[in-house]
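Single-structure report; data block below.
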Amino acid sequence: MNTSSRFAYAVHILALLSLQRGEPLSSEIIAGSVNTNPALIRKLLSMLARAGLTTSQLGAGGGALLARAPKAIALIDVYRAVDEAPLFGLHREAPNPACLVGRHIQQVLVGIIDDAQRAMEASLGSRTLADVTAGVIEAENTAGST
């Protein structure tokens, strides 16, 4: 049972690019901030570019850039760009139909999981990359004042 970190990594990447104010960043620099390997960053940047969230500048001093203003990037767009899996999955193997719970649990869970997925997507839809970067700056200012 794994959870994906792709969404968290993608938001991290976009927040970092947002704070660069138009200066491109290499996958190596981004990987240093995320603390992962540049190959994974390049894969995520490719997914984000396909979704129209990032672009790249070629040549010396090139790298990744935001394709839109931070306030125009909803977090739901980031989620959909890098993580197509549902929030929760059902049993990998069919439960035991001879058991009262096993017979009915999946049909009960489907409604609950669908509600949770819709709530998560609504929450991400109401927040933007600008909210994330504002939170990062606020956290830095708060940390600096203590």
Inset, instruction - Report, to the nearest 10°, how far helix 129-144 tilts away from the longest principal axis of the Cα atoms in the chain, using its own Cα long axis and a range of 0 to 90°. - result: 70 degrees
Legend entry - Within the chain, helix-based [θ] at 222 nm, where runs of 4 or more DSSP H residues each add -39,500 (n - 2.57), nearest 500: -19000 deg cm²/dmol
Legend entry - GNM top mover of VAL132, VAL101, VAL11 - the chain, alpha-carbon springs below 10 Å: VAL101
Legend entry - Relative contact order of region 69-146, pairs being alpha-carbon contacts under 8 Å that are 6 or more residues apart, as %: 53 percent
Legend entry - Charge context of LEU87, other residues only, Cβ under 11 angstrom, K/R +1, D/E -1: -3
Legend entry - Counted charge near GLY52, where neighbours are those whose Cβ lies closer than 14 Å (Asp, Glu -1; Lys, Arg +1): +2
Inset, instruction - Would you work out the relative contact order for the chain, in percent, from Cα pairs under 8 angstrom that are 6 or more residues apart? - result: 25 percent
Inset, instruction - Between the alpha-carbon centers of region 103-146 and region 38-55, tell me the distance in whole angstrom. - result: 21 Å
Inset, instruction - Taking the Cβ of LEU66 as the centre, find all other residues whose Cβ is under 13 Å away and add up their charges (Lys, Arg: +1; Asp, Glu: -1). - result: +1
Legend entry - Longest segment of the chain lacking GluC sites (Glu not before Pro) that sit in a DSSP loop with at most 11 other Cβ atoms within 10 Å: 1-83
Inset, instruction - Using a 10 Å cut-off on Cβ atoms, rank the peptides 40-49, 108-117 from the highest mean neighbour count down. - result: 40-49, 108-117
Inset, instruction - Assuming 1.567 mPa s and 4 °C, estimate D for the chain with Stokes-Einstein, Rh taken as the Kirkwood radius over Cα pairs, in µm²/s. - result: 75 µm²/s
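Read-outs throughout are calculated quantities, based only on the coordinates presented, and are distinct from any laboratory measurement. Note that this is a predicted model, so its numbers are computed, not measured. Methodologically, a virtual Cβ is constructed for each residue, glycine included, from the backbone with ideal geometry; neighbour enumeration extends over all protein chains shown.
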